[in-house]
Amino acid sequence: MTFVTRIRLQSGNRPALETIVDEIRSKAEQKGAELRGPHSAPPERLSVPQYKSTAGDETRQFRSWDYTVYTRQLEIVGHNKLARQVTEFDFPEGVHIEVELEQIEQMA
């Protein structure tokens, strides 16, 4: 049985995100693990309204807070020890990580 670990990283801080992706890539190269990616999704532009009052008066607003979220997805095939090490990295504040583990059964 082989495990595929999908790692999804998101951040509004693109340089911090790229630094983490480079660290994961170099660690995979050192260990000789099969790494797929990083796959980049188009940047997502978000806008958050900011109200001047908590009373729900939507006519009184500050300018909306606009920001961009960058996403990278990687897959580590097999090499469970590397996947565990990656999830234990000290991620910078503002970098969000999601890890999904999939078990693949090989056909005989």
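Coordinate-derived values only; no laboratory data. Since the structure is predicted, the reported quantities are computational estimates derived from the model, not experimental observations. Heads up, the Cβs are rebuilt from the backbone with ideal geometry, glycines too, and the neighbour counts pull from every protein chain shown.
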* CD proxy at 222 nm, helix term only [per DSSP H run n ≥ 4: -39500 (n - 2.57); per residue of the chain; nearest 500] -> -7500 deg cm²/dmol
* Asked: What's the angle, to the nearest 10 degrees (0 to 90), between helix 14-31's Cα axis and the longest principal axis of the chain?
  -> 10 degrees
* With charges only on Cβ, +1 for K and R and -1 for D and E, what is the dipole size of the stretch 2-104 about its Cα centre, in debye, rounded to 20? -> 100 debye
* **Förster radius 41 Å - calculated FRET efficiency between Arg45 and Lys81, Cβ distance, rounded to 0.05** => 0.60
* Report the GluC sites (Glu not before Pro) located in the stretch 14-78 that are in a DSSP loop and have at most 12 other Cβ atoms inside 10 Å of their Cβ, or state none. => Glu58
* Which ³J(HN,Hα) values, rounded to whole Hz and listed in residue order, are derived for the stretch 38-51 from phi using the Karplus coefficients 6.51, -1.76 and 1.60 in 6.51 cos²θ - 1.76 cosθ + 1.60 with θ = phi - 60°, glycine and proline given as x? -> x, 9, 9, 8, x, x, 9, 8, 10, 9, 10, x, 10, 9
* Spacing of the two label points (7 Å from each Cα toward its C-beta) at Arg8 and Lys31, in nm -> 2.1 nm
* To do: Can you tell me how much longer the chain between Arg63 and Phe89 gets when fully stretched, taken as 0.36 nm per residue apart minus their C-alpha distance, in nm with one decimal?
  => 5.7 nm
* Asked: Mind listing which trypsin sites (Lys or Arg not before Pro) in the stretch 18-83 are in a DSSP loop and have 15 or fewer other Cβ atoms within 10 Å?
  -> Lys52, Arg60
